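The values are calculated or read from the model by the stated rules, or taken from the named source; none is laboratory data. Note that the structure is predicted; figures quoted are calculated from it, not measured. Reconstructed Cβ throughout: ideal geometry from the backbone, glycine too, with neighbour counts over all protein chains shown.
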Amino acid sequence: MKVMESFKDFTETKNKLLTLSADILFISVSFWSAVWFFQPTEFAFSKHIILLFIVLTVTTLLVFIKIGLYNAVLSYIDTKVLLVVSSGILTSVAVLVMIAFYLDIDIIKSTPYFYGVQLALLVGGSRIVFRALLNTKNLSKKAKVVIYGAGSAGEQLAIALNNGDEYFVAAFIDEDKSKVGKKLLGKRIYDQQKLVQVIENIAPVKLLLAIPSVDMQRRKAILLELEHLPVKVQSIPGINELIQGKHKIDDIHDVNVTDLLGRKPVSPDSNLLRSNIAEKVVMVTGAGGSIGSELCRQIVAIGPRKLILFELSEYALYSIEKELIALKEQLGLDIEIFPLLGSVQRENRLTAVIESFDIQTLYHAAAYKHVPLVEFNVVEGVRNNVFGTLSVAQAAIAAKVETFVLISTDKAVRPTNVMGATKRMAELVLQALAKEQHHTRFSMVRFGNVLGSSGSVVPLFSKQIEQGGPITITHPEITRYFMTIPEASQLVIQAGALGLGGDVFVLDMGEPVKIHDLATKMVHLSGHKVADEAGELDAIDIKFTGLRPGEKLYEELLIGDNVSGTKHERIMTAQEQFLPWDKLKKLLDELDVACHNYEHKRIRDLLLSAPTGFNPNGGIEDLVWKNRPSHLKVI
């Protein structure tokens, strides 16, 4: 390692000395040609002129060194470096005039101008020529790319790529007719309508989107147009990330699937956001999970007095606490953040925490949400999702928490799996408790899949495409709702502020998406084709594995039709059947005993008897139950 560093230092020093020697030659040629061209011959060899040349050369080199001209990497010459060269040459001309005046040398006025022009051509021109030769030499080693967007972002991206070792820009594409046919950085700008022809003729390895300020709807439309092109599509960061300094213009990344599924964002209602959070003590259970962690980020930005993170996973708690501390410091906020380990199944721990911190608003995001895993672990799913919610709710009532918001799921609607049934049972618990007391406002917020969550298909598909396939999908017709985690979290906070008590809120998830279509789009944008479309060697195969235990083809958000709007256009409220507390309490007691005794058939019967709409599409899949001796499976 030291040998390599020494060699690198030697090479850099050698290059600087060569450049310095070349500049001495350029100064000499510029000076003496100016003198010989304008001054009398005998004057050119006078002692004063020779002294003037020596002082000028030394001074000019010192100026060049001072302004950092020899620290510039020659292969990365840009307008900034040329401005530095220009300032150095102007200084050199000024020095020439001042020294001549000081030494009382009578030089013709045209001499300094001629000297300056020649020096600029030699010093600046040599660097430009060197860069051009170097880039031409390296061009064969670089891969061709086309940039979609000939605005300032596209220009900056092109400069960064051309100065690098990996890519060179072959052309630009733009929708602006006033730019079409012109050249940017020496490359032609083509009409967006000729995109297919450009890609076929140039055959770039990538098409790079340089449209950071385009709104989500237009971005989605552009991606759908690019989807079928035989080229990998990548993008630069969004305008907000660039402005905030989170990413640089040349931080190229794969197209975010959010762009494919995204819709026009609705500006949040600041009053609703602040209502239950600003200057209050807020607690989030499951704070380290996908939804819980994003809730915490949104909450910190709003500005509570205190934020209590309640989490079972030590690592998840450590990670989110560290991130939130950095976020509050970045925002300059004075917020106390408390990381607390604990299980939502321990009511005494919850009561101690909620009373100690005098919690005012509580978001209950802790739950087991993975459908097959809950099918395989029925008792733990019931314990965590049903009795965990009951424990948190009763602790909140005891401590007189003002607002309690349950994060629910679309799988709670006419569930075909244990996870959905337990989440609907959790809703029933809060609906019943809401009628029994008036201290705590309970509300539930129901929504579908969130992009980027731990169980999302998107990262799985990305990994499978990267590995060359196959992509695995359970069924060709399986369809899901999708929403980004930030949008879902903002809507959860706003819905909680709308709650009056016992409300079931449903988020507008937009149009449902067929998972097969989503996978196909991801394959196309990665530059590949689906196997049944192409028959090519690099095609990605899509395989159907069959529905998993408890999985539905289609998810719903409403049990009935009794739904009405709210003051927020993407939040609806549903009026749905529930049990009064005395009847629900009896059912919960029986469910508790059945879980304690691992009576799986009894557990299923109790879930079926509750108004959950539970309609299992398979048998009992619990792994403990399936591996018990046959004579014990009767319970």
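Of the residues making up the stretch 67-103, those that are at pLDDT 70 or above and either among the small types (Gly, Ala, Ser) or over 18 Å from ALA120 (Cβ atoms) (or both) are GLY68, SER86, SER87, GLY88, SER92, ALA94, MET98, ILE99, ALA100, PHE101, TYR102, LEU103. Taken together, the residues in the stretch 606-635 that are surrounded by 13 or more Cβ atoms within 10 Å (Cβ to Cβ) and in a helix (DSSP H, G or I) amount to 5.
Just give me the residues in the stretch 509-521 being in a strand (DSSP E or B) and surrounded by fewer than 16 Cβ atoms within 10 Å (Cβ to Cβ), in sequence order.
Taking the stretch 509-521 as the starting set, the residues that turn out to be in a strand (DSSP E or B) are 513-514.
Matches in the stretch 509-521: LYS514 only.
If you go through the stretch 313-338 and keep only what is touching a strand residue (DSSP E or B) at 6+ places or on another chain (Cβ under 7 Å) and within 24 Å of ALA367 (Cβ to Cβ), you end up with GLU314, LEU317, ILE320, GLU321, LEU324, ILE337, PHE338.
Scanning the stretch 388-440 for residues that are surrounded by fewer than 22 Cβ atoms within 10 Å (Cβ to Cβ) and of a type in the set (D, E, K, R) yields LYS400, GLU402, ARG414, LYS435, GLU436. Identify all residues within the stretch 1-55 that are at pLDDT below 70 and of a type in the set (Lys, Arg); write none if there are none. Passing the criteria: LYS2, LYS8, LYS14.
I'd like to check something: does the stretch 156-163 contain any residue that is closer than 30 Å to LEU518 by Cα and aliphatic (A, V, I, L, M)? So far as the stretch 156-163 goes, yes, one or more of its residues are closer than 30 Å to LEU518 by Cα and aliphatic (A, V, I, L, M). Of the candidates GLN330, GLN298, GLN345, the single residue that is closer than 23 Å to GLY381 by Cβ and either polar (S, T, N, Q) or not assigned by TED's automatic domain parsing to the domain that holds ILE277 (or both) is GLN345.
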